[in-house]
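The values are calculated or read from the model by the stated rules, or taken from the named source; none is laboratory data. Note that the coordinates shown come from a computational prediction; the quantities given were computed from them, not determined experimentally. Don't worry about glycine lacking a Cβ; one is built from the backbone with ideal geometry, like all the others, and counts go over all protein chains shown.
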Amino acid sequence: MSLNVSEIMSEEYGHCARLENGKTEMLVTLDYGPRIVSVSKNGSPNLIYNTVDPEIHRNHGHKMRIALEKSTNAVYCDDTPVRYSLMEDGVSFVQTLTQPAQLELSMDIVFSSEIGSFMVVHSVLNRSLEDIRLSIYTETPFQDDGFVFIPQSNIRETDRPSRILTLWENCSWRDSRLFVGDQYVTVHDTDVPDLPRLKLGVNNTAGFCGFVQEKYGLIKRYVHNRTALYPFQSCSAFATANEKYISLQTNSPFYIIAEGEYARHIESWIFTEFDGSLHPDNETELDDYINSF
């Protein structure tokens, strides 16, 4: 199926690349980023939260960050313009490198033959003169009219702990937005105002997570390496809820990148459609939904 790429000027997002593959449409920012600010299929609603953040004067959207070895936070600015080039089945977006930046971020979007299915390849090129140890960290914010889910570890070991759940400071296990089941952890919005931020992490050995709302959803798959060292207490998937949106984050293990070399973190996305609705505390429904794709 042919991929059509064009540049548009959006009143909401500024200059963007518009990617169309069959009935799937995507917008990626070019004035800053790259950020994926819109994904839809068959004219469906856009699942990604993309409202302008007044503090940074840029839209939200799917983005990538860097977790450095000596930092407790994932940081990296994406406020420079983006250049792009066409590939056989996709588009490569590269952040303009500015001094004294030593890392060049890029995001490749590669479409598959199945409508609504594609890979997002997050890469970091080390342009410094020394080795750098880092983890690639991504975040996808969603509209708050659904819920995000992360499976708990599917590894079972006799008399040894296998499931890790971590909670950020000032968060509560009794938060009304949180459901911890035997198989899944879900986070959803509530009508209760003025709740503090909720953020938790999971050692997601199953290597998938997702977001669902009525009739539509997005499943993300990636590789969790059980033998590698991860930041944030060995978790590779995270869920966040705040007063504006809910989000999913995934990250790679730590890589040591030599001068001129790359590190990559790959997510496979599937935009889904289904009949009916799912509930954040019904694990049987969630299992049936995931197994249907």
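Key figures for this structure:
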| item | result |
| --- | --- |
| Number of positions in the range 106-132 that are under 30 Å from Gly181 (Cβ atoms) and assigned to a loop (DSSP other than H, G, I, E, B) | 2 |
| Unique residue being closer than 30 Å to Arg226 by Cβ, crowded, with 18+ Cβ neighbours inside 10 Å and either of a type in the set (A, V, I, L, M) or at pLDDT 80 or above (or both) when the list is Met119, Met107 | Met107 |
| Within the range 36-54, tally of residues that are surrounded by fewer than 18 Cβ atoms within 10 Å (Cβ to Cβ) and within 30 Å of Ile257 (Cβ to Cβ) | 1 |
| Residue ID - modelled with the lowest pLDDT, chosen from residues in the range 133-166 that are surrounded by fewer than 15 Cβ atoms within 10 Å (Cβ to Cβ) and either among the aliphatic types (A, V, I, L, M) or in a strand (DSSP E or B) (or both) | Ile155 |
| Residue ID - nearest to Val124 (Cα to Cα), chosen from residues in the range 231-252 that are among the hydroxyl-bearing types (Ser, Thr, Tyr) and surrounded by 21 or more Cβ atoms within 10 Å (Cβ to Cβ) | Ser252 |
| Every residue from the range 178-226 that is in contact (Cβ under 8 Å) with a residue 60 or more places away in the chain and under 16 Å from His265 (Cβ atoms) | Phe208, Cys209, Lys220 |
| Residue check, Arg221 modelled with pLDDT of 95 or more, surrounded by fewer than 19 Cβ atoms within 10 Å (Cβ to Cβ) and of a type in the set (Lys, Arg) | yes |
| Filtered residue count, the range 177-205, keeping only those that are over 20 Å from Gly146 (Cβ atoms) and not acidic (Asp, Glu) | 4 |
| Total residues in the range 151-194, condition of a type in the set (A, V, I, L, M) and over 23 Å from the mean Cα position of the chain (by Cα) | 2 |
| Elements of type strands (runs of 3 or more DSSP E) contained in the range 227-293, each with 3 or more residues being within 22 Å of His60 (Cβ to Cβ) and either touching a residue at least 40 places away in the same chain (Cβ under 8 Å) or polar (S, T, N, Q) (or both) | 237-241, 246-251, 262-273 |
| Whichever residue in the range 196-218 is under 26 Å from Glu273 (Cβ atoms) and of a type in the set (D, E, K, R) and, among such residues, is surrounded by the most Cβ atoms within 10 Å (Cβ to Cβ) | Lys215 |
| Residue in the range 230-247 that is over 29 Å from Val52 (Cβ atoms), in contact with a helix residue (DSSP H, G or I) (Cβ under 9 Å, 6 or more places away or on another chain) and at pLDDT below 95 present | no |
